[in-house]
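See below for the structure under consideration.
What follows draws every value from the coordinates through simple rules; no lab data is involved. These numbers come from a predicted model, not from an experiment. We place every Cβ from the backbone using ideal geometry, glycine too, and count neighbours over all the protein chains shown.
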Amino acid sequence: MKSSYLTKRIAVAGLAICLFALTTVGISLAYYTDTSNASGSVPFATSPGTEIEEEFDGMNKDIAIKNTGDVPVVVRFKAVYPSEEFASVSVGSTSSNWVVLNSDDGWIYYAQPLMAGATTERLDVNVKPSDDAPSSFDITVFQQHGVAYYEDGALCAKFGDSVISLAEGTFAPVGAASNL
């Protein structure tokens with residue numbers, strides 16, 4: 001009788017395990033094979049794009065950025081050169097739309113949304129080589145753009161992982177010539 005009772009308990013436990021396994025497999029299979037199709041979706045595409053326009057006058061550059069995309073963008077500009085011992089580089093503009101947010105990072109921002117097809121006011125990049133400068137070296141000009149949007153009344157754009165806010169009072173206009 002004892003062995004019959006033990007056998008029944010083992011059989012009930014085995015049956016419980018089998019039912020649990022079947023239920024779990026069924027639910028998992030249903031979860032992983034369930035599909036649905038969305039209807040009524042609206043395709044949304046933006047194609048922001050910019051290009052830099054440069055005019056040269058000896059070592060100096062006259063820079064403007066054109067929005068070649070179909071959405072408003074915020075643009076920023078940076079000039080990079082080999083070393084301060086080779087040249088003194090200053091950037092100037094007669095427009096108050098070019099601003100510096102953080103003088104440590106070297107980026108100069110256009111403080112207005114640049115509409116599709118529009119071009120920024122020009123920036124003057126003035127280069128004064130030192131006496132020790134090699135006969136030839138490059139001044140590289142970078143520009144980036146982010147889709148323009150407003151948040152809490154401030155013009156914003158995303159550059160990489162950071163959001164830049166051009167809220168009034170957070171920047172200093174680029175003067176007639178500011179050193180980078």
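When the chain is treated as a Gaussian network with alpha carbon springs shorter than 10 Å, the biggest mean-square fluctuation among Y31, Y110, Y149 belongs to Y31. Does anyone have the angle between helix 2-33 and the longest principal axis of the chain? Alpha-carbon axes, 0 to 90°, nearest 10? Taking Cα atoms only, the helix is inclined about 30 degrees. For segment 50-179, a simple Cβ point-charge model (Lys and Arg +1, Asp and Glu -1, everything else neutral) yields a dipole of about 260 debye relative to the Cα centre. Taken along the Cα-to-beta-carbon direction at a fixed 7 Å, the label points for M59 and I17 span 8.4 nm. Calculated [222 nm] ellipticity per residue, helices only, for the chain: -6500 deg cm²/dmol; basis is -39500 (n - 2.57) per DSSP H run with n ≥ 4, divided by all residues, nearest 500.
Just order 64-73, 116-125, 134-143 by mean Cβ neighbour count inside 10 Å, highest at the front, would you? Intermediate results must be reported in sequence, preceding the final value.
Numbers: 64-73: 19.0, 116-125: 16.8, 134-143: 11.3.
Most protected by this proxy first, the peptides run 64-73, 116-125, 134-143.
Each peptide in 151-161, 17-27 receives the mean, over its residues, of other Cβ atoms within 10 Å, and ordering these scores from highest gives 151-161, 17-27. Note on segment 76-148: Cα convex hull, mean projected area over all directions, 5.7 nm². Each of (i) 21.9; (ii) 10.8; (iii) 11.4 is a candidate for mean projected area of the Cα convex hull in nm²; the one calculated from this structure is (i). Once the chain from S136 to N37 is taken as fully extended at 0.36 nm per residue, the excess over their C-alpha distance is 29.6 nm. Of all DSSP bridge pairs formed entirely within the chain, close to 100 percent run antiparallel. With unit charges on the beta carbon (Lys/Arg positive, Asp/Glu negative), name the residue among F56, F142, S39 whose Cα is farthest towards the positive pole of the charge dipole of the chain. Checking the options against the dipole of the chain, the answer is S39. Of the residues D34, D62, D132, the one that moves most in a GNM of the chain with alpha-carbon contacts below 10 Å is D34. Selection among V99, I10, S165 by position relative to the dipole of the chain gives I10 as farthest towards the positive end (Cβ unit charges, Cα centre).
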